[in-house]
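Okay, structure first, notes after.
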Amino acid sequence: MTKYEKKSFIKIFLGYFISVAIFVLILGYLYFKQHQTIILQNTAMQMHQYILKLRQSNFKYNKIGYNYEIVDFIKVKKTLPIRDKDVFYKAFTNNLVIKVDANIVDKQISKLKTYVIVAQVLLLLFFALVSYLLTQRSLQPMIEAFNHLDNFTKDLIHDLNTPVTSILLNTKMLKKQADETTIKKINRIESSAKNISSLYANLEILLNGNKLSKKDFDLSIIIEDLISEYKIIYPNIDFIFEKKIIKVNSNSIAIKRILDNIISNACKYSRVNSPFINIEFKNNTLYIKDNGKGIKYPKKIFQRNYKEDDNGYGIGMHIVYKLCSELNHTIEIESVQYKGTQVSISF
């Protein structure tokens, strides 16, 4: 079960279970109050029988836990027996009050309470099982549809990668025999093919994002490889990076996707004059800074399909954020329009 299927399962299960649990708890409470009243009514009847036997014996009758008190005057209580510390009492005439040891009544109420709690727990367990089975049946058609769509998308991505790889290989071969003017045209074809290749890689990561594993590797190798690739496409950009070993614990494939998207954006939106991209690692955080056109709404940049112009597909930075979240890396972005952008990733 994927992460999103688990989220859906939990939400639907809780929807079923909580609604039934509330009903069971309310029903249990009402049952308890009703039978508590019945216990007190039975106690009142026992008090009444005690009075009858008491009068028949000329007030010589004894019953364990029961006693009486004759008072000067008390208003006759028509309610149920009332608790007063260690006794329940009820007035039957204006001067005769019957008292019962509270333990006698408490034992009955305690048994009732235990019965209600056990019954509720058993019912909740039963309905938890029912909710689990209902949730599984409810999700099954959706899971089958998603699996079908997932397989179709994977096949489509695989078919997309083959012609793109062929285009890139052929452009490299054509460059060897082309003049300067033709090379510029080939570079444009190569750049477009790499954009498609990047989209393919993004989609592949998006589909397999739940399978990320982490291990130690040298981050500088990935950075140097990306800089080498982008220097060919953007020879006018000055890439600033101090070569040194940078050990991090993460997923190298996902990190390459993250950095590729960030550096690609920095290159696309760079200045015409004196553009630079500065990449620096310090205090376990990677900083990528450019002096490009900047971002108008930095807080929206990680939203899916958000883009500030017609370039791109609006999913690159969303995938960056998604992958960072999957890897438990904190990503932050600061940008000022027409001055530049800085992206920081904390490992």
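Within the range 223-260, which residues are surrounded by fewer than 20 Cβ atoms within 10 Å (Cβ to Cβ), among the aliphatic types (A, V, I, L, M) and modelled with pLDDT of 90 or more?
Selection gives LEU226, ILE227, ILE240, ILE245, ILE246.
Taking the conditions exactly as written (more than 26 Å from ILE117 (Cα to Cα), in the same structural domain as ASP101 (by TED's automatic domain parsing) and either surrounded by 12 or more Cβ atoms within 10 Å (Cβ to Cβ) or modelled with pLDDT of 85 or more (or both)), does ARG83 satisfy them or not?
On the way: more than 26 Å from ILE117 (Cα to Cα): no; in the same structural domain as ASP101 (by TED's automatic domain parsing): yes; either surrounded by 12 or more Cβ atoms within 10 Å (Cβ to Cβ) or modelled with pLDDT of 85 or more (or both): yes.
Answer is no for this residue.
Hey, among the residues in the range 323-347 that are in a helix (DSSP H, G or I) and surrounded by 19 or more Cβ atoms within 10 Å (Cβ to Cβ), which one's modelled with the highest pLDDT?
Filtering the range 323-347 down to residues in a helix (DSSP H, G or I) leaves 323-326.
If we keep only those that are surrounded by 19 or more Cβ atoms within 10 Å (Cβ to Cβ) too, we end up with 323-324.
Details: LEU323: 86, CYS324: 90.
In this case the residue turns out to be CYS324.
Out of all the residues in the range 245-275, which are within 12 Å of MET317 (Cβ to Cβ) and polar (S, T, N, Q)?
ASN261, SER264, ASN265
Give the residue that is modelled with the highest pLDDT, with candidates limited to residues of the range 266-316 that are within 27 Å of the chain's Cα centre (by Cα) and hydroxyl-bearing (Ser, Thr, Tyr).
This residue is THR285.
Report yes if some residue within the range 289-297 is surrounded by fewer than 22 Cβ atoms within 10 Å (Cβ to Cβ), within 16 Å of ILE345 (Cα to Cα) and among the acidic types (Asp, Glu); otherwise report no. Can you show your working first?
First pass over the range 289-297, keeping only residues surrounded by fewer than 22 Cβ atoms within 10 Å (Cβ to Cβ): 289, 291, 293-297.
In the following step, the residues that additionally are within 16 Å of ILE345 (Cα to Cα) were identified as 289.
Pick out the ones that are also among the acidic types (Asp, Glu) and you get none.
There is no residue in the range 289-297 that is surrounded by fewer than 22 Cβ atoms within 10 Å (Cβ to Cβ), within 16 Å of ILE345 (Cα to Cα) and among the acidic types (Asp, Glu).
Tally time: how many residues in the range 212-222 are surrounded by fewer than 16 Cβ atoms within 10 Å (Cβ to Cβ) and among the β-branched types (Val, Ile, Thr)?
Adding up the residues that qualify gives 1.
Taking LYS99 as the residue in question, decide whether it is among the charged types (D, E, K, R), more than 30 Å from PHE9 (Cβ to Cβ), without any contact (Cβ under 8 Å) to a residue 40 or more places away in the chain and surrounded by fewer than 17 Cβ atoms within 10 Å (Cβ to Cβ). Before you say what the answer is, go through the steps one by one.
Values: among the charged types (D, E, K, R): yes; more than 30 Å from PHE9 (Cβ to Cβ): yes; without any contact (Cβ under 8 Å) to a residue 40 or more places away in the chain: yes; surrounded by fewer than 17 Cβ atoms within 10 Å (Cβ to Cβ): no.
Spelling it out, it is not the case that LYS99 is among the charged types (D, E, K, R), more than 30 Å from PHE9 (Cβ to Cβ), without any contact (Cβ under 8 Å) to a residue 40 or more places away in the chain and surrounded by fewer than 17 Cβ atoms within 10 Å (Cβ to Cβ).
Residues being touching a residue at least 40 places away in the same chain (Cβ under 8 Å), aliphatic (A, V, I, L, M) and under 25 Å from ASN103 (Cβ atoms): count how many of those fall in the range 1-52.
The qualifying residues number 5.
Within the set of pairs 6 or more residues apart or between chains, which connect a residue that is without any contact (Cβ under 8 Å) to a residue 24 or more places away in the chain inside the range 324-338 to a residue that is surrounded by 13 or more Cβ atoms within 10 Å (Cβ to Cβ) and among the hydroxyl-bearing types (Ser, Thr, Tyr) with Cβ atoms less than 6 Å apart?
As it stands, the answer is THR330/SER346; GLU332/SER344, since those pairs meet every condition given.
What are the residue pairs meeting all of these: first residue in the range 238-249, first residue under 23 Å from ASN291 (Cβ atoms) and in the same structural domain as ILE222 (by TED's automatic domain parsing), second residue among the polar types (S, T, N, Q) and in a strand (DSSP E or B), Cβ atoms under 6 Å, and 6 or more apart or on different chains?
Going by the 6 Å Cβ cut-off, the qualifying pairs are ILE240/ASN278.
Given ILE263, ILE277, which one is assigned by TED's automatic domain parsing to the domain that holds ILE315, crowded, with 19+ Cβ neighbours inside 10 Å and either part of a strand (DSSP E or B) or among the acidic types (Asp, Glu) (or both)?
On the way: ILE263 fails: either part of a strand (DSSP E or B) or among the acidic types (Asp, Glu) (or both).
Just one listed residue meets the conditions, ILE277.
Here are some residues: ILE315, ILE333. Which one is among the aliphatic types (A, V, I, L, M) and out of contact with any Pro (no Cβ under 8 Å at 6 or more places or on another chain)?
Values: ILE333 fails: out of contact with any Pro (no Cβ under 8 Å at 6 or more places or on another chain).
Being among the aliphatic types (A, V, I, L, M) and out of contact with any Pro (no Cβ under 8 Å at 6 or more places or on another chain) holds for just one of ILE315, ILE333, which is ILE315.
Looking only at the range 53-66, how many residues end up being under 12 Å from LEU96 (Cα atoms) and surrounded by fewer than 16 Cβ atoms within 10 Å (Cβ to Cβ)? Outline the logic, then answer.
Keep residues of the range 53-66 that are under 12 Å from LEU96 (Cα atoms), which gives 54-55, 59.
Now drop any that are not surrounded by fewer than 16 Cβ atoms within 10 Å (Cβ to Cβ), which leaves 55, 59.
Residues in the range 53-66 being under 12 Å from LEU96 (Cα atoms) and surrounded by fewer than 16 Cβ atoms within 10 Å (Cβ to Cβ): 2 in total.
Could you please tell me which pairs satisfy a Cβ distance under 6 Å, a separation of 6+ or placement on different chains, a first residue in the range 58-77 that is under 12 Å from TYR89 (Cα atoms), and a second residue that is among the aromatic types (Phe, Trp, Tyr) and at pLDDT 85 or above?
Short answer, once both residue conditions are applied: TYR66/TYR50.
The values are calculated or read from the model by the stated rules, or taken from the named source; none is laboratory data. Note that the structure is predicted; figures quoted are calculated from it, not measured. Cβ: placed from backbone, ideal geometry, glycine included. Neighbour counts: every protein chain shown.
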